[in-house]
1. Only one residue in Arg123, Arg99, Arg139 is in contact with an Asp or Glu (Cβ under 6 Å, 6 or more places away or on another chain), surrounded by fewer than 17 Cβ atoms within 10 Å (Cβ to Cβ) and charged (D, E, K, R). Which one?
2. Can you tell me which of Pro88, Pro111 is part of a loop (DSSP other than H, G, I, E, B), out of contact with any Leu (no Cβ under 9 Å at 6 or more places or on another chain) and under 30 Å from Arg231 (Cβ atoms)?
3. Quick one: would you say Ala71 is within 19 Å of Val87 (Cβ to Cβ), surrounded by fewer than 17 Cβ atoms within 10 Å (Cβ to Cβ) and touching a Gly at 6+ places or on another chain (Cβ under 8 Å)?
4. Just checking, does the range 63-82 include any residue being touching a residue at least 40 places away in the same chain (Cβ under 8 Å), farther than 18 Å from Ser156 by Cβ and not aliphatic (A, V, I, L, M)?
5. Condition first: surrounded by fewer than 18 Cβ atoms within 10 Å (Cβ to Cβ) and within 30 Å of Glu148 (Cβ to Cβ). Can you find one or more residues in the range 38-56 that meet it?
6. Which residue, of His206, His151, His185, is outside the structural domain of Ser62 (by TED's automatic domain parsing), surrounded by fewer than 20 Cβ atoms within 10 Å (Cβ to Cβ) and touching a residue at least 12 places away in the same chain (Cβ under 8 Å)?
7. Output the residues belonging to the range 8-32 that are of a type in the set (D, E, K, R) and within 8 Å of the chain's Cα centre (by Cα).
Amino acid sequence: MANRFKAVFFDAGGTLFCPHPSVGEIYAGLASEYGVRYEPALLEAEFETAWRRRGGLASLGSKTSEAKERAWWHSLVKEVFEPSGGVPNFEDFFDRLHRSFELKELWRVYPETVGVLQTLRARGLTLGIISNWDLRLKRLVSNLGLSEFFHFVLGSSHCGATKPSRKIFEAALGEANAKPEETLHVGDSYEEDFLGATQMGMASIHLNRNGAVRKAPKEFQAKSLEEVLGRV
């Protein structure tokens, strides 16, 4: 792979940063302020089930808006809590919860992220983010202090397509003014990132931090972003 790239693209969540604490802990922590106690692991499981049932953000379709997205999240969060009795004053609870996910306090940038991005920028590479994310992505990246490293941030809601669709990768290549064979994509999802990029003719690294069951061949895996540096 080495020494032939013009651009490097990254996934966002699970690749550059992650929720901190977990989604279940965030949900349970705020719910406790409304007088109800939930096990974070239970809420985490309910969230993952609801997310899969809907097919993730792809279910928003090709045309979205902040109002449409807020309604989508409202319905999902209600689905997470209702089996166990819900949350009192749910509208106020949800409003606080939804706004909080733009704040840097609820996210942790992986320890190696900034150093890796600084090194790649110093090498003159074009860096971009391609993520299945709603319209809040650019604000979050800015709040986390990462905007300065990227030439563009492309969320699925801005593009109207979710990974592994060719459309979102094609849009990113256009932003970078790069050909597929000049580009490396790094992400933690085997299906969305690794397969999505390789079907475009791009080089790809599956960031396998947690030993996912579905994974790329060993030579195309990395356990941290630091391992990516030796392949660019």
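1. Arg139
2. After ruling out the rest, the residue left standing is Pro111.
3. Numbers: within 19 Å of Val87 (Cβ to Cβ): yes; surrounded by fewer than 17 Cβ atoms within 10 Å (Cβ to Cβ): yes; touching a Gly at 6+ places or on another chain (Cβ under 8 Å): no.
Here the answer is no, as Ala71 does not meet what is asked.
4. Yes: one or more hits.
5. Yes: one or more hits.
6. Values: His206 fails: surrounded by fewer than 20 Cβ atoms within 10 Å (Cβ to Cβ); His185 fails: surrounded by fewer than 20 Cβ atoms within 10 Å (Cβ to Cβ).
Only one candidate passes the filter, namely His151.
7. Asp11
The values are calculated or read from the model by the stated rules, or taken from the named source; none is laboratory data. These numbers were taken from a predicted model, which means no experiment stands behind them. Virtual Cβ from ideal backbone geometry, glycine too; neighbours counted across all protein chains shown.
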